[in-house]
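Engineer: One structure is given below, represented as structure tokens, and several questions about it will come after.
The values are calculated or read from the model by the stated rules, or taken from the named source; none is laboratory data. Small disclaimer: the values here were computed from a predicted structure and weren't measured. Cβ: placed from backbone, ideal geometry, glycine included. Neighbour counts: every protein chain shown.
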């Protein structure tokens, strides 16, 4: 049993290493290795799930400096891990298969699949980690594989820029994450999840410290899960190939922040202040991103803002003390958002890299399979009753309802907007007449469904988007017995039906949620049906509240200015005055040496020799 | 054994200086040096710890315990391995030399020999002397084969390092005289035992601490004594930049761990000015190295200056590990000396190769090199990832230890604060390194770059060995830490 988690973790690493070291010359070999690795990981995950629900743990020493510091690379498999393993390896496998077609003609195919394997390794490391330091290690590695994949088409200036932006924004979050780890270690003397949990009393004894540490750790999630104010990197990350957007920037990596919050929930739960901050950030992200999504024209960017918004829902759920609901939404969202991205990829692939929805239109006829699956994904995302998203979003709304109206109503509004912007996308891109640059007639090649390697993953994901809400795959996590202190509002139950604990007004919330779905869908349908260009223009939303511009100004005004000033100080003050001052002192020596026709080297040798003489004299006296 | 290890580069260098042979001699010497280092490594019994392979002459002067003696412990072994790896890469990555090629290669070997001697010497006097020996060819190479304002730069470096050496010498003498007369010795092993008896009163530790920290500090480019470093590395020929920034600069840190940490531990807690303790002073300076120099690095627009300043910046992390004065921090500092040495050498190797092809390292003139020279680009990317502290590379393991060291029980509030501030430096270093990587390697290929040829032949292996060693040590840091532990525990006793 113990070897299965290691097999899951290490097979993608082996693939990445082989591709880097020798297989990169052969595209076919690289693809085969990468596919074999992800399928091995998926198979091992299935075997692990089949083997039952006991907790598996094993570890090796990474650094051991005695009792003070013992860092291990340890794997821990419990219910939470198993859910994530299934998501990551399952969707990972589908995306790998899809990519063999999508990236077929790419000259950097080997590099692409090598990076994909590196990503799988890093992501699985986060999922399997049993300590803060180990999760941080893989956290950073996920960052670099994301950097490599966003910048896959690195000759494009915009892609290279987006890759740097993603890495650096994440680094800012990781600064907080590491600070939090240090604070926790200093207080509890431990970094292992279990050990920290056992020593929580040392942290709870100092509530201010606990809140500070919790918020520092949360910074890591803010970066990785692209929450306001560090959300700016995710839309730009759409510069990467679309399968990457599906796997990394929708289903898995960006969900890592939520996973980490759920994993460390024992640390957040005793700090009400930290929970409120987390909930607030999640709500703000959900609402702002949904507003931005309503005015985007690029199909991938709409989905990216949608991802931001849904991640906001999940983070809000953590803050509302419902980690179970957060994980439930993470689970369902992974399927339908991966589906939507892969569908968008099929559209982009079919339309020769057209990404503007206003230049699509009528795709339901030319790409029927893509349309069908995309529509299912949309319904699942927008919360159509009895599809996956309905259940999970409902659980979060209920948690927010119990937290307070300030959290509930913005999320409800976000749900309306979700239905609105997704319906807008579908109506504009798939319905109506096919776009033609001259305004009339049909273009010859207006899209076609992809080959089986592209459509089969879409169909599988569509099926999952329908049924994932019924919880066939999951076992109870965050049940009552797990957390006595944190009363989790919604939990998975073995039967797969949501089990509400302690939740008043059950009926009202789902009714409002259905209302939100109907309102948003109908509104967008009426507004956009049959339109050739956007009848509404809201520059504030289209320009993402000018946050990117504000950051650019902030960076120019702080970092760049400080850098220029420091450079000037260094050049003219430190080097100019200080050094020339010292040089002036020794100038006498230098002048004397030059008089003696001695150059630098000889001069130096002279000083050295004189030093030795003086030394021997001093020591002998 | 150690004598042979030392004599190989020296004898080869002398032969080359006398006009015999050619570069393949230098290559052979570098390989033999590395092979002997690995042989010594494998022969060292880590479970015993302490000095091994010891050889010593009779006292050279009557009345002084000064001998020509060699020996290795875990720390010197690690630095010897660093020397061996960087020397091989440096010789292979040396540019084609038109005039007096043998003098060039011989001098490069002498730098390596000097560094190896400094780490091998079991006698404080020879440790100092070997370092000085290595500096002389450094100046020569910058002044004669350097680029840009090489004469001025060589002169500036000479003045700086000479002043540093004199201050250091004063500090060494001060420390020597602070030891009770009967126990005075130059032997590092004996000194270790003397230090463990804590015979120097706390208040008397401050002056030698200041002199030694300043003296070593100048050699390590501790703020504000750093302004020689970036111009020197930018001007220096590729192998010199690699060897000095990668290996020779570590001598100062080595000296601090060998002498300051064991002899003057109380000084760290003594006030030097008002309420400010020596530790606070050091923390203030190293924060300047990390944050202020980090910002200066962001402002640079030439690849070699970015690397040069980044190397100054990273010295701040080593100092932070030392300033924490505990096993965790010092282990991090030592492993970081090794890691930084390899990564900065790889960065300078690639930047030198680009300069050889383009003639300039200005960002405006570069771009898209990843298409033109993919092998160099991958090596540079790996070294960049190492240098910004990405997990998997030993730089990450080292920096993590340094940060944990700064937070260990008993750490002062200022030490903790400094550690958090230093952590911000990790963001800064990512900013400038990724920006530099993008400017040089990403984007559209420049027209000039279309004509470049990629690195080929055995040089590929010599260069790739550096990032591969970093990965190895990053995955299995415990193996290396096991070698360091006895030495550091003895120093902290």
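Engineer: Just give me the residues in the range B:142-165 being within 9 Å of another protein chain (Cβ to nearest Cβ), at pLDDT 85 or above and more than 20 Å from the chain's Cα centre (by Cα), in sequence order.
Structural biologist: Selection gives B:143 alone.
Engineer: If you take the residues of the range A:152-166 that are buried (at least 24 other Cβ atoms within 10 Å of the Cβ) and within 17 Å of the chain's Cα centre (by Cα), which of them is nearest to residue B:438 (Cα to Cα)?
Structural biologist: Top of the filtered list is A:163.
Engineer: Which pairs turn up if I take residues in the range B:460-476 that are more than 20 Å from residue B:92 (Cβ to Cβ) and look for partners that are assigned to a helix (DSSP H, G or I) and at pLDDT 95 or above with beta carbon separation below 6 Å, at least 6 apart in sequence or on another chain?
Structural biologist: Listed pairs, sorted by first residue: B:473/B:394; B:473/B:480; B:474/B:394; B:474/B:397.
Engineer: Same structure, new question: Looking at the range B:48-60, I want the residues that are under 13 Å from residue B:121 (Cβ atoms) and have a partner that is exposed (fewer than 13 other Cβ atoms within 10 Å of the Cβ) and at pLDDT 90 or above with Cβ atoms under 7 Å, at least 6 apart or on another chain. Which pairs are those?
Structural biologist: Every condition considered, the pairs that remain are B:55/B:3.
Engineer: Within the range B:315-335, take every residue that is under 12 Å from residue B:403 (Cα atoms) and not in a helix (DSSP H, G or I) and give me the one that is farthest from the other protein chains (Cβ to nearest Cβ).
Structural biologist: B:324
Engineer: Does residue A:380 satisfy the criteria of being modelled with pLDDT of 90 or more, part of a helix (DSSP H, G or I), within 24 Å of the chain's Cα centre (by Cα) and under 17 Å from residue A:305 (Cβ atoms)?
Structural biologist: no
Engineer: Do the conditions hold for residue B:130, that is, is it in contact with a helix residue (DSSP H, G or I) (Cβ under 8 Å, 6 or more places away or on another chain), within 13 Å of chain A (Cβ to nearest Cβ), without any contact (Cβ under 8 Å) to a residue 40 or more places away in the chain and within 22 Å of residue B:41 (Cβ to Cβ)?
Structural biologist: Yes; evaluated as a whole, the condition is true for this residue.
Engineer: Considering (1) part of a loop (DSSP other than H, G, I, E, B); (2) more than 14 Å from chain B (Cβ to nearest Cβ), say which one residue A:155 fails and leave the rest.
Structural biologist: For residue A:155, the failing item is (2).
Engineer: Another question, if that's okay. Identify, please: which residue in the range A:502-530 is within 28 Å of residue A:79 (Cα to Cα) and assigned to a loop (DSSP other than H, G, I, E, B) and is, among those, modelled with the highest pLDDT?
Structural biologist: Ranking the candidates gives A:506 first.
Engineer: To continue, here is another question. Condition first: under 30 Å from residue B:294 (Cβ atoms) and more than 14 Å from chain A (Cβ to nearest Cβ). Can you find one or more residues in the range B:168-184 that meet it?
Structural biologist: Checked the range B:168-184: no residue is under 30 Å from residue B:294 (Cβ atoms) and more than 14 Å from chain A (Cβ to nearest Cβ).
One line per residue, one yes/no per condition, for (1) within 30 Å of residue A:352 (Cβ to Cβ); (2) at pLDDT 90 or above:
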| position | (1), (2) |
| --- | --- |
| A:450 | yes, no |
| A:454 | yes, yes |
| A:458 | yes, yes |
| A:467 | no, no |
| A:480 | no, no |
| A:485 | no, no |
| A:492 | no, no |
| A:500 | no, no |
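Engineer: Let me ask something additional. Determine whether residue A:312 is at pLDDT below 95 and more than 15 Å from residue A:425 (Cα to Cα).
Structural biologist: No, not satisfied.
Engineer: Restricted to the range A:123-140, and to residues that are within 12 Å of chain B (Cβ to nearest Cβ) and under 12 Å from the mean Cα position of the chain (by Cα), which residue is farthest from residue B:437 (Cα to Cα)?
Structural biologist: Per the criteria, the residue is A:126.
Engineer: Residue check, residue B:347 against (1) closer than 24 Å to residue B:425 by Cβ; (2) at pLDDT below 95; (3) crowded, with 24+ Cβ neighbours inside 10 Å, all met but one. Which one?
Structural biologist: Among (1) closer than 24 Å to residue B:425 by Cβ; (2) at pLDDT below 95; (3) crowded, with 24+ Cβ neighbours inside 10 Å, residue B:347 violates only (2).
Residue-wise test of (1) facing chain B (nearest Cβ under 8 Å); (2) at pLDDT 95 or above.
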site: A:178; (1), (2): yes, yes
site: A:188; (1), (2): no, no
site: A:194; (1), (2): no, no
site: A:197; (1), (2): no, no
site: A:200; (1), (2): no, no
site: A:204; (1), (2): no, no
site: A:210; (1), (2): no, yes
site: A:215; (1), (2): no, yes
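Engineer: Which residues, counting only those in the range B:54-85, are surrounded by fewer than 19 Cβ atoms within 10 Å (Cβ to Cβ) and away from chain A (no Cβ under 14 Å)?
Structural biologist: Once the filter is applied, which keeps residues that are surrounded by fewer than 19 Cβ atoms within 10 Å (Cβ to Cβ) and away from chain A (no Cβ under 14 Å), the range B:54-85 yields B:54, B:55, B:56, B:57, B:58, B:68.
Engineer: Mind listing whichever residues of the range A:389-439 are over 24 Å from residue A:358 (Cα atoms) and in a loop (DSSP other than H, G, I, E, B)?
Structural biologist: Listed by number, the list holds a single entry, A:404.
Engineer: Next question, about the same structure. When the residues of the range A:63-81 are narrowed to those that are surrounded by 20 or more Cβ atoms within 10 Å (Cβ to Cβ) and in contact (Cβ under 8 Å) with a residue 40 or more places away in the chain, which ends up farthest from residue B:330 (Cα to Cα)? First the steps, then the outcome.
Structural biologist: From the range A:63-81, those surrounded by 20 or more Cβ atoms within 10 Å (Cβ to Cβ) are A:63, A:65, A:69, A:71, A:73-77, A:80-81; that's our starting set.
Retained after the next criterion (residues that are in contact (Cβ under 8 Å) with a residue 40 or more places away in the chain): A:71, A:73-77, A:80-81.
Values: A:71: 17, A:73: 22, A:74: 25, A:75: 29, A:76: 31, A:77: 35, A:80: 38, A:81: 36 Å.
If we take residues in the range A:63-81 being surrounded by 20 or more Cβ atoms within 10 Å (Cβ to Cβ) and in contact (Cβ under 8 Å) with a residue 40 or more places away in the chain, then A:80 is farthest from residue B:330 (Cα to Cα).
Engineer: What do you reckon, is residue B:208 out of contact with any strand residue (DSSP E or B) (no Cβ under 6 Å at 6 or more places or on another chain), more than 11 Å from every other protein chain (Cβ to nearest Cβ), more than 27 Å from residue B:74 (Cβ to Cβ) and modelled with pLDDT of 90 or more?
Structural biologist: No, not satisfied.
Engineer: Only one residue in B:263, B:216, B:186, B:160 is buried (at least 19 other Cβ atoms within 10 Å of the Cβ) and in contact with a strand residue (DSSP E or B) (Cβ under 6 Å, 6 or more places away or on another chain). Which one?
Structural biologist: Numbers: B:263 fails: in contact with a strand residue (DSSP E or B) (Cβ under 6 Å, 6 or more places away or on another chain); B:216 fails: in contact with a strand residue (DSSP E or B) (Cβ under 6 Å, 6 or more places away or on another chain); B:160 fails: in contact with a strand residue (DSSP E or B) (Cβ under 6 Å, 6 or more places away or on another chain).
Just a single option satisfies the conditions, and that option is B:186.
Engineer: Something else about it: Please go through (1) closer than 30 Å to residue B:300 by Cβ; (2) surrounded by fewer than 18 Cβ atoms within 10 Å (Cβ to Cβ); (3) more than 9 Å from chain A (Cβ to nearest Cβ); (4) in contact (Cβ under 8 Å) with a residue 40 or more places away in the chain for residue B:493 and return the number of the only condition it doesn't satisfy.
Structural biologist: Unmet for residue B:493, out of (1) closer than 30 Å to residue B:300 by Cβ; (2) surrounded by fewer than 18 Cβ atoms within 10 Å (Cβ to Cβ); (3) more than 9 Å from chain A (Cβ to nearest Cβ); (4) in contact (Cβ under 8 Å) with a residue 40 or more places away in the chain: (1).
Engineer: In the list A:101, A:87, which residue meets the criterion of being within 18 Å of the chain's Cα centre (by Cα) and part of a helix (DSSP H, G or I)?
Structural biologist: It is A:87.
Engineer: Can you list the helices (runs of 4 or more DSSP H) lying wholly within the range A:167-281 that have 2 or more residues being in contact (Cβ under 8 Å) with a residue 12 or more places away in the chain and within 30 Å of residue B:443 (Cβ to Cβ)?
Structural biologist: Helices (runs of 4 or more DSSP H) meeting the threshold: A:207-224, A:233-236, A:242-246.
Engineer: Still on this structure, I have one more. Looking only at residues that are within 11 Å of chain A (Cβ to nearest Cβ) and free of Cβ contacts under 8 Å to residues at least 12 places away in the same chain in the range B:418-459, which one is farthest from residue B:309 (Cα to Cα)?
Structural biologist: So the residue we want is B:420.
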